[in-house]
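S.K.: Take this structure first; my questions come after.
The values are calculated or read from the model by the stated rules, or taken from the named source; none is laboratory data. Keep in mind the model is a prediction, meaning the values are calculated, not measured. All Cβ positions, even for glycine, are placed from backbone atoms using ideal geometry, and neighbour counts span all protein chains on display.
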């Protein structure tokens, strides 16, 4: 967005040319606006970790794996998207994940953490699972 604003203002010398080039080379760039969507699965891990173990089955683990893979592919194709994966994005996705977890598990919202207790690096780490899972 910053580059778009700079371009609109005619401030060409201030553009981040490297990131623009990466984005232009990204064949699926039309998917970029929803790039944070796959993060909802990994971000749901802390929320759903509070769910009894019998409710966190192989399907849940596969969903985490698939969504982490999707995020990894997006970042490989367009590394500039990595700047979107910050604490603010994690907080937003976590709130939505808690809402989804409440619906999926029939548990009360207060049983889930209000704030994500993990760092974005943990949530995206393919080998990491919350201790409670």
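S.K.: Restricting to region 47-74, give me the number of residues that are more than 17 Å from the chain's Cα centre (by Cα), modelled with pLDDT of 60 or more and in a helix (DSSP H, G or I).
M.R.: 2
S.K.: Within region 1-32, how many residues are in a helix (DSSP H, G or I), under 26 Å from the mean Cα position of the chain (by Cα) and at pLDDT below 75?
M.R.: Going through region 1-32 one residue at a time, the tally reaches 14.
S.K.: Also: Could you count how many residues in region 104-133 are within 19 Å of the chain's Cα centre (by Cα), in a helix (DSSP H, G or I) and in contact (Cβ under 8 Å) with a residue 12 or more places away in the chain?
M.R.: 3
S.K.: Further question: Residue pairs, Cβ under 9 Å, 6 or more apart or interchain, first in region 91-103 and free of Cβ contacts under 8 Å to residues at least 24 places away in the same chain and at negative phi, second surrounded by fewer than 16 Cβ atoms within 10 Å (Cβ to Cβ) and part of a helix (DSSP H, G or I). List them.
M.R.: Final answer for the pair search is 99/109; 102/109; 102/111.
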